[in-house]
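**Student:** Attaching a single structure in structure tokens format; questions to follow.
A short reminder: the numbers here are calculations on the coordinates, not readings from a lab. Model, not experiment: these values are computed from the prediction. FYI the Cβ positions are ideal-geometry reconstructions off the backbone, even for glycines, and counts take in every protein chain you see.
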Amino acid sequence: MIALLLLAAAAGSLSPSNNQPLCVPVASDNLQATTSDFDEHKKLRQALDEPLPDERPMVMLHGKGGHLAEEEYSIVVACAADGQWRGTAVGRQRSMIVGAEFTPMTRAAWVLDDSSGKRLSEAVSRTCPFDRTRSDKSGSVPPPLSYISEKIDVVAEKGEQYSFYVNEGGDAIAALIRPRR
């Protein structure tokens, strides 16, 4: 519950600039492709009895991590036939005590405002190169306590699929799709 509220609070502080065109970052390097978290979304949503939309285009954000507690969430926005982007967010958490059960987070559902929906539609309609060899080289230090890895999967209107980490140029798209307060 608290975690989804924190996600909403983070969305307000990460509001993307309206001056810059958004796009789906696609790796332009020779590194191994970023794997999809589509199956993780399916498993989590099945465990929480939350369907995965089948509309296209669709943008999904999967987060998982923690320190003294494990947290996992699935944020999905999909463009309906009427052109509206509708989102749902579900998740679960548990303490790292052996045998601890997961506790569901509070489900959130929303409709993107027209401006955010238009920006997201434009973003998923084009790709841009992203050179991961130039990105942050902090892999030599451990992640901070309570770190949650976030990955975005985009299923475009014609079925093309793209996967990238939020820190690989996807932070503005993540800010658009997070639930609002």
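**Student:** At R0 = 22 Å, how high is the FRET efficiency between Met96 and Asp39 if r is their beta carbon distance? Nearest 0.05 is fine.
**Tutor:** 0.40
**Student:** May I pose another question? If segment 33-155 were replaced by its equivalent ellipsoid, with semi-axes equal to the square roots of 5 times the Cα gyration tensor eigenvalues, what would those be, largest first, whole Å?
**Tutor:** Semi-axes (√(5λ), whole Å): 27, 22, 12.
**Student:** Using a 7 Å offset from the Cα along the Cα-to-Cβ direction at both Leu145 and Ser115, what is the distance between the two label points in nm, to one decimal?
**Tutor:** Those two pseudo-labels are separated by 3.9 nm.
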